[in-house]
Structure formats: structure tokens, C-alpha cells
Amino acid sequence: MKGFELVHPASLREAIAMLDTGDPSVRAFSGGTALMLMMKTGVFRPSRLVCLAGTETSRAAIAAKPDGALTIGALATLTGVEYSLDVIRFAPVIARAMKRLANVRVRNVARIGGSLAHGDPHMDLPPVLAALGAEVSIEGPKGQRRVAVENLYSGYYETVLTQGELIAAVHRDLKLTIILIEHRMDLVMAICPRLVVLNFGTKLTEGTQQEVQSNPAVLQAYLGAEYANVAGQ
């Protein structure tokens with residue numbers, strides 16, 4: 001393996017300055033699980049690695065607002081996201097998806113920011129976050145910007161991140177979700193904590209998952225009148 005420089009910035013701004021070199025062989029890492037595999041196979045040969053593990057501890061925080069909006073720091077481990085009470089409460093599908101990513105040892109080390117920035121097309125997490133309408137906040141030499149997860153990728157192992165840019169956090173704002181009655185309503189409810197239910201353009205109800213699931217009008221539209229009467233008993 002070719003030698004390289006390993007640096008440990010104390011802050012995100014310092015890390016960005018170390019990355020803003022114009023050299024594509026300079027790379028940031030936090031958990032490094034995917035990066036190490038690329039280096040072992042010779043796919044990537046770095047000249048400098050910028051370790052983000054020593055930057056601000058707040059970058060690993062997971063916080064929820066009373067309305068259910070979530071902010072997940074880019075340095076939060078996948079295990080931390082999986083067992084976060086805020087994530088389990090307001091976006092349970094994320095916690096469920098985590099259990100199917102890699103294995104426990106990888107999830108204990110891998111960080112959510114790095115897993116998204118890696119751009120692996122086989123990752124389960126980006127489609128889940130895209131379905132939730134999540135965004136990432138990006139910081140770089142030119143300042144900050146936010147990009148929807150669905151627009152983060154530009155190709156195979158490619159993202160819209162430019163030289164020196166880093167994912168700082170993942171944001172999932174609670175948005176009133178409009179859905180149509182369909183066969184996978186159980187999946188929709190796992191993703192969306194508050195719903196407006198339409199049946200062919202007619203509003204049936206609005207409320208939490210529990211309120212919607214127990215509403216007779218929804219049961220009738222979803223199951224049919226005969227089965228809805230049985231389910232409601």
C-alpha cells in the first residue's frame with residue numbers, strides 16, 4: 001500500500017481547509033469502513049486522509065423538535081441512529097433500515113454522513129431518506145447549502161459534493177404527507193408519522209398513524225365494506 005499523510009483536524013472548518021487542495025486523492029473519513037476496503041483493493045490510493053473523528057462532538061448529536069423534525073449529525077454512528085429514541089419515535093423506518101445495513105461491527109463504526117457521501121448504489125439508506133423527503137446540509141469552502149437526498153447522487157459512486165465539501169448533518173422536517181389508498185398502506189404509515197388520506201381525490205381523514213388506522217372510512221376504502229366491518233369490531 002502506498003504511503004499517505006494522515007491529519008487530525010480539530011474542527012469542521014479546519015477539515016474543509018485541509019480538503020480544499022484541488023487534489024482528488026485527498027479524502028475525508030470518519031468511520032472509514034468503506035474507504036479501507038477501497039484502499040486494500042487498490043481502487044483508491046490517497047495522498048492525504050483527513051480524519052473527522054476528532055472534530056466537534058456536536059456533529060454526532062441526534063435531536064428532535066416537538067413537531068417531530070429530526071436533525072442527525074453527520075458523525076452519528078449507524079448504531080447510534082438505530083437506537084436513538086428520537087429516531088424510533090418520529091422516523092421508525094430509519095431505525096428498521098439500519099438493522100439491515102452491513103453488520104453490527106460495521107454499524108458501530110460507520111457514520112451516517114460518510115455512508116451517504118460514499119455514494120454506494122447498493123446502500124439501502126439513501127432511498128429510505130429520499131422517501132422521507134430528507135435533506136443533507138453541506139459545508140465547504142464556499143459556505144453552506146442544503147440538498148435533498150434524492151438529488152445528492154450524480155452517478156455510480158458519485159455525488160454532487162465538490163472538492164472540500166462535507167456533509168454536516170441530515171435533516172428530516174415533518175411535512176404533512178398526502179397519500180392515496182393503496183395496497184402498501186402499511187409501508188407508507190411506517191414512513192410518515194402524520195397523514196392526510198385521500199381516496200380518488202376525496203379527503204377521508206387526517207391524523208396520526210394510529211388515528212388513521214382505526215378510522216372506519218379508511219378501513220372501508222382500504223379493505224372494502226365487508227372486511228372493514230369485521231376489522232372495526
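Derivation of every value follows stated rules applied to the coordinates shown; laboratory data play no part. No experiment lies behind these values; they were computed from the predicted model shown. Here the Cβ positions follow ideal geometry from the backbone for every residue, glycine too, while neighbour counts run over all protein chains shown.
The distance between label points at Phe44 and Ala148 comes to 2.7 nm (points 7 Å beyond Cα on the Cα→Cβ vector).
Dividing the convex hull volume of the alpha-carbon atoms in segment 5-172 by its residue count gives 109 Å³ per residue.
Spatially, segment 28-65 and segment 68-99 are offset by 19 Å when compared through their Cα centroids. Averaged over residues, the count of other Cβ atoms within 10 Å places the peptides 119-130, 77-88, 38-49, 20-31 in the sequence 77-88, 20-31, 119-130, 38-49, highest first. Each Lys and Arg adds +1 at its Cβ and each Asp and Glu adds -1 at its Cβ; summed about the Cα centre, segment 1-74 shows a dipole of about 260 debye. Subtracting the Cα-Cα distance of His122 and Met36 from their residue separation scaled by 0.36 nm leaves 29.2 nm. Fewest-first ordering of Val136, Val149, Val160 by other beta carbons within 10 Å of each residue's beta carbon gives Val160, Val149, Val136.
For segment 56-109, the list of trypsin sites (Lys or Arg not before Pro) that fall in a loop by DSSP and count at most 14 other C-beta atoms within 10 angstrom reads Lys99, Arg100.
Is the shape of segment 53-151 best called rounded, prolate or oblate, per the rule: a/c under 1.5 gives rounded, else a/b larger than b/c gives prolate, else oblate, with a ≥ b ≥ c the square roots of the Cα gyration tensor eigenvalues? Note, shape of segment 53-151 comes out rounded.
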